[in-house]
Amino acid sequence: MGEWSLFALVFVLGLKHGLDADHLACIDGLTRYNWNKQRPMARWVGTLFSLGHGLVVTGVAVIIGLISRMFSFPGYFDQMATWLSIITLLIIGTLNISNLVKRTNDQKEFQPQGVKGKWLPKAFRETTNPFVIVMIGGVLALAADTVSQTSVWAMAAGNGSKVMPLLLGLTFTIGMVITDTLDSVIIYRSLKSSDKTSQWASITMGWMIVLLAYGIGLYELFLYFNPQAELELEWLGVALFMIFFLFFLIISWRKKAEA
């Protein structure tokens, strides 16, 4: 794979990674909390989160790039991370289906559920400090599945120039910042809209997370036993991002229609 193709792939992987179900759930919760506290940075929660996440991912990529010059990671490392990712995604999908059904019956506002964010102390999940939000993004980047995904392109970059892992890490971060920023802006705009639009956006986001979690989880499971059926990640990532961007346009249109 040429350098430009690798940069394009890593950028799209960053866009796709920003749609990780745990990202969406964590950013949703932090954006809502900062909105309720009337903090002007509420719409930029996704940006702060992804900067912290990207900083750690870039650091991991540089370290893996250096290590890969000396020895390769055992095959079981990637397999363990794959199974951890599959199980986590299926759990997230199930939690959100349960929560969606429960909230609909109780006629209460739905809030997306994640797995990694649940391990954070309440003081972290309910913070208005921008530096803490950056730190939360960095902590969640230390998960095994994130490190495993990073290692794939970091080892490929390690065979090139010494600065390639750093440049690719920054490229990955840019893609992720775009998606995660869009996420918090969507939530912020929906909260500024009428109760009806806000509730619609919240439920739609919930079902999007369910589809993402189950879709990607089952795809990874199928791919584990049928590796020859792998799709082009560039097209998959772009398709997911375009669906998410369409959701943003719909929210913007509904907000203007209310004005």
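The values are calculated or read from the model by the stated rules, or taken from the named source; none is laboratory data. Everything numeric here is computed off the predicted structure, so don't read it as measured data. Don't worry about glycine lacking a Cβ; one is built from the backbone with ideal geometry, like all the others, and counts go over all protein chains shown. The protein model used for the area step is the full one, side chains on, heavy atoms only, and it has no ligands, DNA or RNA in it. Shrake-Rupley method; radii C 1.70, N 1.55, O 1.52, S 1.80 Å.
Relative to the longest principal axis of the Cα atoms of the chain, the long axis of helix 3-17 lies at roughly 30 degrees. Could you estimate the translational diffusion coefficient of the range 1-69 from the Stokes-Einstein equation, with Rh from the Kirkwood formula over C-alpha pairs, at 25 °C and 0.890 mPa s, in whole µm²/s? It diffuses with D of about 176 µm²/s by this estimate.
Quick one: Debye curve from the alpha-carbon atoms of the range 160-222 only, equal weights, vacuum; give me log10 I(q)/I(0) at q = 0.16, 0.28 Å⁻¹ to two decimals. Each listed q corresponds, in turn, to -0.75, -1.05. FRET efficiency for the pair Leu211 and Gln111, taken as 1/(1 + (r/R0)^6) with r the Cβ-Cβ distance and R0 = 25 Å, rounds to 0.90. Here the range 147-259 was treated as a single set of alpha-carbon atoms; its pair distances binned every 10 Å from 0 give 12, 32, 30, 18, 7, 1 percent. For the chain, the longest principal axis of the alpha carbon atoms and the long axis of helix 195-225 meet at an angle near 30°. Protein heavy-atom accessible surface, 1.4 Å probe, per residue over the chain: 51 Å².
Once you divide the Cα radius of gyration of the chain by 2.2 N^0.38 Å, the number left is 1.01.
Computed from Cα positions, the angle between helix 233-258 and the longest principal axis of the chain comes to roughly 20 degrees. Surface composition of the range 191-236: carbon plus sulfur atoms hold 66% of the accessible area, using a 1.4 angstrom probe and ignoring ligands, DNA and RNA. For the range 190-244, the fraction of C-alpha pairs more than 16 angstrom apart is 57%. Extending each Cα 7 Å along its Cβ direction at Lys192 and Thr128, get the distance between those two points in nm, one decimal. So the label points at Lys192 and Thr128 sit 1.9 nm apart. Of the peptides 188-196, 132-140, 218-226, the ranking by mean beta-carbon count within 10 Å, highest at the top, reads 132-140, 188-196, 218-226.
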